[in-house]
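Everything below concerns the one structure shown next.
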Amino acid sequence: MAEVLLESHGYVAASMSDVAKGVGISKASLYHHFPTKEALFLGVAERMIERDAAGMAQAIASAPTATGQLEALADWMFSQRRHTERMLRDTLRFLAPEHAGRIGQIFLSRMYAPVEAVMSAGIERGEFAPHAPGFSAWAFMGLLSEFAESPVQVGRPDLASALVRLLVQGLGPRTA
């Protein structure tokens, strides 16, 4: 319930009273488990990151090539109803710096690092041209996040593969 409220209302508008009511407990009981709204968010954020990291790991394991892994990651992300990145972006700016830094590190190690590893493996195997895999992973995650969160659908059933092709092949001229 806290996850749903944080995502739909945002950190500022989601109240501890709303969360308690949504899960059917008293506000005092909620405060017993989470003494502050920040503590509640931290628990929710860690759970969301771990859930998404598990889904991403399955997507990566489902394909033998880096290009296939990126397509599987994109398909997985587009299939999700909730988008952890958006909720984190909304909320991290309201947290104490040490908490924001901790959640940021968890995100980087559990969600960003596996994508960077796919990029690095693709370079090592000659699937991708040499480039900065950290930057391409960040750009890929950002692109997927924007498309996944967009209320406007572009009408492409093959959106994931189209985006990966654009990333991998670029917009350069055709070669004969």
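Listed values, structure above:
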{"item": "Matching residues in the range 50-71 - criterion: being touching a residue at least 60 places away in the same chain (Cβ under 8 Å) and more than 16 Å from the chain's Cα centre (by Cα)", "result": "T65, A66, T67"}
{"item": "Residues of the range 121-140 satisfying the condition of being surrounded by 19 or more Cβ atoms within 10 Å (Cβ to Cβ) and within 20 Å of the chain's Cα centre (by Cα)", "result": "P133, S136, A137, F140"}
{"item": "Residue match in the range 89-109 (condition: aromatic (F, W, Y) and either over 14 Å from F41 (Cβ atoms) or in contact with a strand residue (DSSP E or B) (Cβ under 9 Å, 6 or more places away or on another chain) (or both))", "result": "no"}
{"item": "Test: residue in the range 82-98 that is at pLDDT 90 or above and in a helix (DSSP H, G or I)", "result": "yes"}
{"item": "Some residue of the range 45-67 being within 29 Å of V12 (Cα to Cα), in contact with a Gly (Cβ under 6 Å, 6 or more places away or on another chain) and at pLDDT below 95", "result": "no"}
{"item": "Failed condition for P64, given (1) of a type outside the set (D, E, K, R); (2) in contact with a helix residue (DSSP H, G or I) (Cβ under 7 Å, 6 or more places away or on another chain); (3) in a loop (DSSP other than H, G, I, E, B)", "result": "(2)"}
{"item": "Residue check for E38: touching a His at 6+ places or on another chain (Cβ under 7 Å) and touching a residue at least 60 places away in the same chain (Cβ under 8 Å)", "result": "yes"}
{"item": "Hits in the range 11-24 (condition: assigned to a loop (DSSP other than H, G, I, E, B) and surrounded by fewer than 14 Cβ atoms within 10 Å (Cβ to Cβ))", "result": "V12, A13, S15, G24"}
{"item": "Meets criteria (closer than 26 Å to R125 by Cβ and acidic (D, E)) for E85", "result": "no"}
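The values are calculated or read from the model by the stated rules, or taken from the named source; none is laboratory data. Nothing here was measured: the structure is a model prediction, and the numbers come from that model. Glycine also receives a Cβ, built like all others from the backbone with ideal geometry; neighbour counts cover every protein chain displayed.
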